[in-house]
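The values are calculated or read from the model by the stated rules, or taken from the named source; none is laboratory data. Values in this document were obtained by computation on a predicted structure and should not be read as measured data. No Cβ is skipped: glycine too gets one built from the backbone with ideal geometry, and neighbour counts run over all protein chains shown.
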Amino acid sequence: MRVPYLFLVPALVIIFLALIGPVFQSFLLSLSEFSLVNPSQTPVGFQNYISLLSDSVFWRAIQVTLLLVFGSVFLEFIVGIFLALLITSSGQRARTWFSSIFVIPIAIAPIVTGVLWSPNSFFDDLNTLLYYGLSLGTYIDTSKPFTYYSIIVLSDAWIWAPLFMLVTVAVIRSIPKEQIEAAEVMGASSFTKFQKITFPAIIASPAIVVTLLLRTADAFRMFEVPYSWNFWLGQDSQLGAPVDTVSVLMWKMFSSTLYDFPIAQITAMAILLLAVTLTTCALVLRRSSSLLD
Amino acid sequence: MSENKNKKNNSRYIRYLLLVSAALWVLWPISIMVEEGFRVDIGPLFSGRGASFVGEFFQGQGGIKFSPIEYQKALRIEAYPRLLVNSVIIAVSSVLVAILAGLPAGFTLAMYKFRGKAFITYALLAMRTISPFAVLLPFFLIYGRLGLFDTYQGMAFVYLIINLPIITMMMRGFFKDIPKEIFEAAFMSGASDSYILRKVALPLALPGLAAAAVFAFVGTWNEFFYALFLTGAVTKTVSRGVWSGFSESIESFKILEFDELNAGGTLAIIPAVILSLAVQRYLARGITLGAAE
Amino acid sequence: MSSVTLKKVSKRFTNSDVDAVSQVDLEIENKEFLVILGPSGSGKSSLLRLIAGLEEASNGEVYFGNDLMNDISPRERDISMVFQNFALFPNMTVYENIAFPIRASGKDSTNLDSEVKKIASMLQIESLLDRKPGELSGGEQQRVSLGRAIIKKPKVFLMDEPLSNLDASLRSELRTEIKKLHEELGITFIYVTHDQTEAMSMADRIALIKDGKLLQVDKPDVLYNNPNHSWIGSFLGMPAMNLVNSSDLGDSISTKKGTTVVGIRPENITVSSGNSKLTGSVISTEYLGDSQILNVKIANSVVKVKVPNDSKFSVGTDVNLDFSDGDLRFFSDDGKTVR
């Protein structure tokens, strides 16, 4: 059949202008010495990458990013499955209401989520409750690293667990009813059913794998929540602060370009991050059975 | 028998308890933001750095009163209506362009197998997943040169990075949902691709197009990163405006206007939440571009 | 109006290591009603889709008349197709559905209105013209889809299991109508089905396909009486042809050289009181209404015998079976007919 290639032209033009062109230029910039104050480009080869890879601030940001990525993706995966099980085992009306409530965080701008989960909002309330309301004489000290890393992970899971819930609910619905009924007839307990039927189906589902991959790729560029925490912790002017993910670090470097910062290093960092994105997308395309049909 | 019934009832209570706790986990932070927007207090009771701002709420000496003044302030002083209009103009025009380009592309991806299909799908996935920093600098430089900085056209174009993959891939999915024999019958009737797209595919996928457009709109509405770097006084969007009310106050050493921030945040999320709930069936398809199906 | 010729046509789908359609040679005459018959998964629909151009052949050539069609898109092949699931446009009325091929292809539409009405009356759906497909029954929907297919007067009319989604009484009704349609239109019909009753009752010729290979293309009676493969004998007929290992028959029957399996139709065997070629004991009976079937055990084989519905046989009794030698069919090891 004759393919209407003309139909693809507008999309391709946008792809080239907004994605491939800029990425290519970023790559060229990353191989040169360049700053906004002095916009002449001198090729320096991989010098930017080398100095980046020998910079402890960069490695620190990588560590923070990895910690947050795996922490939050793992947590939202678990919480998502838990929510999906709750939803699918409830009656029609409860299901409709509660799943509507559970998906709300997805709709909220991530920057607002940064505000919601800030020490001055949620934890201000919670601490007041703990300290005075319940007279426990104790409160959650959000300035401790373990605490604020946990909160960032928690707030990312707060946004994205519902996505895993949605995907998992679809997977559970696709399990043949006969399988579960057969198990019930044979006297299987709820836990056995989960262990032997539901959980293996969830784990084996390409949809879940693809969601995990995409969420991992998304978490690598995580910006708004750690960015807001820079302000809550008063670290916004400190390069390589404890909550600097790679993206936040790039933002700080970018903001300081005013002081003639070697801006090409930012693009080098972005290109390294891009490698993660491109790899994950390739895996998604390979694992998703239906995308290329 | 009755023991069995008791057990069943108990497990139902436990399930409802868990559902309600999960709903609480979702709604509590949001409700605090909404409620704090109504509060005028002398400062947070607890700040992030511990009990440095211990309020006097429970000591009974007041310091807090409830009033809609922060909401009024947000609507007035923060020029919220202006932000709202900006966000709507930018999101709507960007989504419209994305529809013009993405509709025929999605149709072609759904109907045909051809060389380069994997490339386009991969490019769209990468576009959705890429870290903004990988393209930001070229955008920054080119927008500076072309005078697109802080303009509606410039922002509408940059948001195609979000909207084109969403519209194209979601529409691809909606076209795929239509039995393929319908299109085959149309092909054999001698209809051209554009005739089929206009007279058969589009009417059948119209609800899907509405859902895709709404989803893309919300994504643009919530976007913070590009807005942070590429908007200024003219085109500042809601999500940027909500935040900058706060962050600029830090920079100018004003007192934290936290209640104002909460009021603004509340106003910013209302449209996004309502619209997202309207299309909640398609959230997973939108977020994963149909890969998790 | 055109003949259709397939030359060594094969189709292999990506991610598959067997041919869905394998080396098919087939000549369909102008104005013929050819039925492609086969069990599910035999490649019959793929074969039809290759003729339609909805699939590209991996190998071989498709001709309409003398014109090579391989690189012609389905749009330009001048064909119509009717689908199992009707494939009507749900957003359009019946009228718009039938008129679609004329409007969509930008053909001369001066007589469109009278044309649509003529077709509608031919198919007895005049009263439904303003309805949407969703408001119609399955049978009515398939009539509409027939109407949509014939309005553009195609060279070749393709049907992919058009009656399989309908219930039995509607099926036989539409069978007659499709046959009538074929006579009125005088164009080539290619009809895919897994239902042998449909094939037998409608076809000028039947092309029997299994595992992507054409086994036999013949008139229905030839196919039924003289299958060139034992599998065809066992596929056609209710009940199917008895296939008995020749070793189970002893010396009472003379077979052709190379025969390992002997076939005979259940209706060609009689239970006789006198003459008998074989003797066996009844192991069960099946009542079919108009007739009944005896399962008779002979050595290691079970032979089905069709007897009148009023005859009485009790399980365990011995019966003598008689038949004429001319009704015997002989097959070799690989299933092929020994001639």
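Out of C:LEU166, C:LEU112, I need the residue that is at pLDDT below 95, closer than 14 Å to C:PHE83 by Cβ and touching a helix residue (DSSP H, G or I) at 6+ places or on another chain (Cβ under 6 Å). Which one?
C:LEU166
Residues are listed down the side, and each one gets a yes or a no for (1) more than 22 Å from the chain's Cα centre (by Cα); (2) at the interface with chain B (Cβ under 10 Å from one of its Cβ atoms); (3) among the β-branched types (Val, Ile, Thr):
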| site | (1), (2), (3) |
| --- | --- |
| C:ASP67 | yes, no, no |
| C:SER73 | yes, yes, no |
| C:LEU88 | yes, yes, no |
| C:SER109 | yes, no, no |
| C:ASP113 | yes, no, no |
| C:ILE125 | yes, no, yes |
| C:SER145 | no, yes, no |
| C:ALA149 | no, yes, no |
| C:LYS155 | no, no, no |
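Residues are listed down the side, and each one gets a yes or a no for (1) within 7 Å of chain B (Cβ to nearest Cβ); (2) farther than 16 Å from A:PHE231 by Cα:
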site	(1), (2)
A:ALA109	yes, yes
A:PHE122	yes, no
A:LEU126	no, yes
A:SER135	no, yes
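Can you give me the number of residues within region B:166-185 that are hydrophobic (A, V, I, L, M, F, W, C) and within 7 Å of chain C (Cβ to nearest Cβ)?
Qualifying residue count, region B:166-185: 2.
From the list A:ALA204, A:ALA268, A:ALA217, pick out the single residue that is among the small types (Gly, Ala, Ser) and surrounded by fewer than 21 Cβ atoms within 10 Å (Cβ to Cβ).
It is A:ALA204.
For region A:145-186, how many residues meet the condition of being away from every other protein chain (no Cβ under 13 Å), more than 14 Å from A:GLY114 (Cα to Cα) and in contact with a Ser or Thr (Cβ under 6 Å, 6 or more places away or on another chain)?
The number of residues fulfilling the criteria is 1.
For region A:29-129, which helices (runs of 4 or more DSSP H) that fit wholly inside it have 2 or more residues that are surrounded by 16 or more Cβ atoms within 10 Å (Cβ to Cβ) and over 16 Å from the mean Cα position of the chain (by Cα)?
So the answer is A:47-53, A:56-88, A:92-102, A:110-116, A:122-128.
Could you give every pair whose Cβ atoms fall below 8 Å, whose first residue belongs to region A:154-182 and is surrounded by fewer than 20 Cβ atoms within 10 Å (Cβ to Cβ), and whose second residue is basic (Lys, Arg), counting only separations of at least 6 or pairs across chains?
A:ILE180/A:LYS193
Could you please tell me which pairs satisfy a Cβ distance under 7 Å, a separation of 6+ or placement on different chains, a first residue in region B:124-151 that is at the interface with chain A (Cβ under 7 Å from one of its Cβ atoms), and a second residue that is of a type in the set (D, E, K, R) and assigned to a loop (DSSP other than H, G, I, E, B)?
B:SER131/A:ARG221
Take region C:38-65 and flag every residue that is surrounded by fewer than 16 Cβ atoms within 10 Å (Cβ to Cβ), farther than 16 Å from C:VAL18 by Cβ and either under 21 Å from the mean Cα position of the chain (by Cα) or within 12 Å of chain A (Cβ to nearest Cβ) (or both).
C:GLU56
Please go through region C:90-107 and pick out each residue that is over 20 Å from C:ILE79 (Cα atoms) and within 10 Å of chain B (Cβ to nearest Cβ).
Across region C:90-107, the qualifying residues are C:PRO90, C:ASN91, C:MET92.
Quick check: anything in region A:274-292 of a type outside the set (A, V, I, L, M), surrounded by 18 or more Cβ atoms within 10 Å (Cβ to Cβ) and modelled with pLDDT under 90?
Scanning region A:274-292, I find at least one residue that is of a type outside the set (A, V, I, L, M), surrounded by 18 or more Cβ atoms within 10 Å (Cβ to Cβ) and modelled with pLDDT under 90, so the answer is yes.
Among the numbered criteria (1) more than 10 Å from chain A (Cβ to nearest Cβ); (2) modelled with pLDDT under 60, which one does B:ILE89 miss?
(2)
State all residues of region B:195-206 that are without any contact (Cβ under 8 Å) to a residue 12 or more places away in the chain and more than 8 Å from every other protein chain (Cβ to nearest Cβ); if no residue qualifies, say none.
B:ARG198, B:LEU206
Hey, which of the helices (runs of 4 or more DSSP H) in region C:17-130, taking only ones fully inside, have at least 3 residues that are in contact (Cβ under 8 Å) with a residue 60 or more places away in the chain and closer than 22 Å to B:PRO179 by Cβ?
Output list reads C:44-52.
I'd like the full set of residues that are in a helix (DSSP H, G or I) and touching a strand residue (DSSP E or B) at 6+ places or on another chain (Cβ under 6 Å), limited to region C:147-159.
C:ALA149
Tell me whether region A:264-280 contains one or more residues that are in a helix (DSSP H, G or I), closer than 22 Å to A:THR147 by Cβ and more than 8 Å from every other protein chain (Cβ to nearest Cβ).
So far as region A:264-280 goes, no, none of its residues is in a helix (DSSP H, G or I), closer than 22 Å to A:THR147 by Cβ and more than 8 Å from every other protein chain (Cβ to nearest Cβ).
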